[in-house]
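For reference, the structure discussed in these notes is given below.
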Amino acid sequence: MLTQLRHIVESMTEASSLEQALHALVRLTRSAMVVDCCSVYVAEPEQRCYRLAATDGLAATAVGKAFLPFEEGIVGLIGQREELINLADAPSHPAFKFLPDVAEEPFRSFLGAPIMHQRQVVGVLVVQQKDCRLFDEGEESFLVTLAAQLAARIAHAQAKGLLRKADWSKPLRGVAGSPGVAIAKAWVWRPRKELSAITPRKSDDRAAQLTHFEEAVGAVRRDVEALALRFRDSAGQDSATLFDIYLHLLDDPSYIRPISHRITQEGWTAISAVKLISEALMGRFSAMKDAYFRERASDIKDIAQRIIGRLAQSEPDHIHVSEPVILVAEEVTATVLAEVPRHCLAGVVSLTGSTNSHAAILARAMGVPAIMGVDFPLAEIHQHLLVVDGYSGDLFVEPSEPLLIEYRQLLHEEQALDALVHSTDGQPSETLDGVKVSLLLNAGLSADTEIALNDLADGVGLYRTEIPFMLHDSFPSEWEQTERYRAILETYRGRPVCMRTLDVGGDKQLPYFPIVEENPFLGWRGIRLTLDHPELFLVQLKAMLRASEGLDNLSIMLPMISCIGEIESARRLLDQAWREVSEEVASRGHTLHYPSLGVMIEVPSALYILPEMTPLIDFWSVGSNDLIQYLLAVDRNNARVASIYDAFHPAVIRALQLLVDSARRYGKPVSVCGELAGDPVGVLVLLAMGYRRFSMNTFNIPRIKYVLRHARLDELTPLLAEGLRVDSPHTLRGLFARYLEERGMGGFLRAGHKSR
Ligand code: PEP
Ligand code: MG
């Protein structure tokens, strides 16, 4: 049975459309189960009915035409009960409904299983037999297993199919890439020559092909340099440095040399050699576990396409638009994005990519709303009016008038909100009743797009050091790390900068140091890894210390602390690093400031060892992202369980309260550097609990400042008490959300949900 099941599932996976997949399913299931009929009914929620989507046994002419209301027939009953129904004689069941034209008369026994996706019935899978008999347990479990396999495929196709039928009344769902709302016409960009469409060919003139290739690389280098310059004006110096990755690739012998080799030694044309080498490299990157590195495949494709474009024609593939558009492409790359003048770029939609794509990173830096990874046929959308909701990832095509009015209103509110939040720039971060708070920056996550000076931040509350390690092809040297850390400490001269030691493992992998584990989030991650490699840890600590010479604004934070021993070992290594660097600094006639050392509280065990921990550390910072994940046993990256990843779960709230109360008792500074601190409701709850230091991304700082400047602690404290009395997460969130609404800050509730 298992082999047959696998065969059916594989046949469905290989099918190019849902129709084909369902057709294969019913045909193969009928034969595997040796039954007389197999059919699939797909739910149509708007019409509140099931549609016969495929059958092998009923009348083929009824496919797509036979409908059963949700409340009717045995199929309807399965949907209502959300469970399997096994009947020896279906026509005698009171719920049985005779459908004309489906030719169901010969069948008596009936076995049907609901097809469930994320708690919703998306269809019903049925087998029928002419004999009057009950199906056995083996048949039941076979059908249930198949139905479970089918669920995601149907749900996905339902979402996708909306556009195929030109039914644009529902949004297309993607990933929120950059926050904001945009309304404009779609401008679809396609490369003139697709990498995948090139058929490799050989040439007789190898020398000419090589010259041609070298000239094209030179031309692309000049194009990219020009784009980087243009980009610097609209998104800032740090974002423009992302183009360095492209330039680096064009100079990288491990990329360029194999292409030249294919041309000169094997006789491929320049275009073919670029295709062959680039695709092989892209394949290697795409297979990597880490999302950041998977995205690098897209950089290689972008550069390869540009070289090919230059090889095929002497002029680059410029984009000519003169009014604001929403740039739509199969793959919006950083260079495509930079081609569109900033004043003409209202929004971005990319069919591929995610929040880690360079395009998303750049869109955020430029403040352009973006949706990534949305699935629809590109050709149909050009010049159609679009609404991009960069908060939710919803894309509306040819929106209805009421929807358009609603989004225009939102856009208007957005603009007003933006002006409003910046009206408090330069004013102190304090509540209406005079409670002072510190708003700090979370930096370092996105290839350093966020290290530019943020005048509104009181310092850096969390500098994630992983990215410099990820951008290299081996561990970065002490000198390289020192340079990078120095740049940040200098940028924030006179303000505190809290640097976290390397937190790789989990979902953050280094390509040159792969960790293969069954359960990476519970494995060799963060401090566990660095303590096992003191040679790496010491290099990082020394680089941080050396970078801080004369600036004295460094503090160091340890990730994923779960026991006292880890702090003791880390402290010993910090002492050792400090002794070494301070001797060197002393030889220059200076003294090296000993930094304060803190821990991230993100592993639940840390909550219960605070009394023992406190004498060993100077501060702690709550990493709510991981703390919630580990307290609730909910993977922070798994969309399937996203609805139960709840920051307002009573257990989370109690943990947060314990952490701030303990900090007060032991006289230790405490901050929150997880996403919760940048959430308008979250920050008010935290404030009411007693927190005063919050660390968040650049985008959130002015917003959270505005919210805090318009709130009163003496109103929030009783609100928290009320919320805790009812002890319901929804009530607590609801109470604080209402507080914002009542003070005219409801607009922030939308804006609170964005990427880091
Ligand atoms: C956290 O876990 O809340 C945190 C800030 O760290 P990271 O998101 O980098 O794991
Ligand atoms: Mg964490």
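The values are calculated or read from the model by the stated rules, or taken from the named source; none is laboratory data. The shown structure was predicted, so the numbers you read here are calculated from the model rather than taken from an experiment. Heads up, the Cβs are rebuilt from the backbone with ideal geometry, glycines too, and the neighbour counts pull from every protein chain shown. Calculation scope for accessible area: heavy atoms of the full protein, side chains included, ligands and nucleic acids excluded. Shrake-Rupley method; radii C 1.70, N 1.55, O 1.52, S 1.80 Å.
When the listed pairs K301/K508; K170/K705; K668/K705; K185/K705 are checked against a 28 Å cut-off, the alpha-carbon distance exceeds it for K170/K705; K185/K705. For V34 and D552, a Förster radius of 60 Å and the Cβ-Cβ distance give a FRET efficiency of 0.15, rounded to the nearest 0.05. Under the criterion of Cα pairs below 8 Å and six or more residues apart, the relative contact order for the chain equals 10 percent. Reported value for segment 497-579: 99 Å³ per residue, from the convex hull of its C-alpha atoms.
Spin-label model, E137/D433: points 7 Å from Cα along the beta carbon direction are separated by 6.4 nm.
Between H533 and M288, the simple label model (points 7 Å from Cα in the Cβ direction) yields a spacing of 1.5 nm.
With a Förster radius of 60 Å applied to the C-beta separation of D375 and A88, the computed FRET efficiency comes to 0.90.
A Förster distance of 56 Å, applied to the separation of the beta-carbon atoms of A95 and E413, puts the FRET efficiency at 0.70. Taking 0.36 nm per residue of sequence separation and removing the Cα-Cα distance, the A487/K668 pair yields an extension gain of 62.3 nm.
Note on segment 2-164: the alpha carbon radius of gyration divided by the globular reference 2.2 N^0.38 Å gives 0.94. P(r) tail for segment 172-401: Cα pairs beyond 29 Å make up 28% of the total.
Subtracting the Cα-Cα distance of K193 and V321 from their residue separation scaled by 0.36 nm leaves 44.0 nm.
Scoring 47-58, 417-428 by mean Cβ neighbours within 10 Å over their residues and listing the highest first yields 47-58, 417-428. Loop-located GluC sites (Glu not before Pro) across segment 1-80 with a Cβ neighbour count of 10 or fewer within 10 Å are E46, with loop assigned by DSSP. Counted residue by residue at 0.36 nm each, then reduced by the alpha carbon distance between them, the extension gain from S169 to A633 reaches 163.3 nm. Rolling a 1.4 Å probe over the protein heavy atoms of the chain, with every protein chain left in place, gives an accessible area that is 52 percent carbon and sulfur. For the chain, the solvent-accessible area with a 1.4 angstrom probe is 42 square angstrom per residue. Largest first, the residues L134, L510 sort by 1.4 Å accessible area into L134, L510. Rounded, prolate or oblate, given the Cα gyration tensor of segment 644-745, with a/c below 1.5 counting as rounded? Rounded shape, in that the Cα axes give a/c under 1.5. Here the Debye sum runs over all C-alpha atoms of segment 459-623 as equal scatterers in vacuum, and log10 of I(q)/I(0) at q = 0.09, 0.14, 0.21 Å⁻¹ comes out as -0.28, -0.70, -1.52. Sparse packing (at most 11 other Cβ atoms within 10 Å of the Cβ) combined with a DSSP loop state is found for the following chymotrypsin sites (Phe, Trp or Tyr not before Pro) in segment 493-565: Y512.
Restricting the calculation to Cα atoms, the chain shows an Rg/Rh of 1.01 when the hydrodynamic-style radius is the Kirkwood one.
The label point for T61 and the one for N519, both projected 7 Å from the Cα toward the Cβ, are 5.9 nm apart. For the chain, the mean residue ellipticity at 222 nm estimated from helices alone is -14500 deg cm²/dmol, where every DSSP H run of n ≥ 4 contributes -39500 (n - 2.57) and the total is divided by all residues, rounded to the nearest 500.
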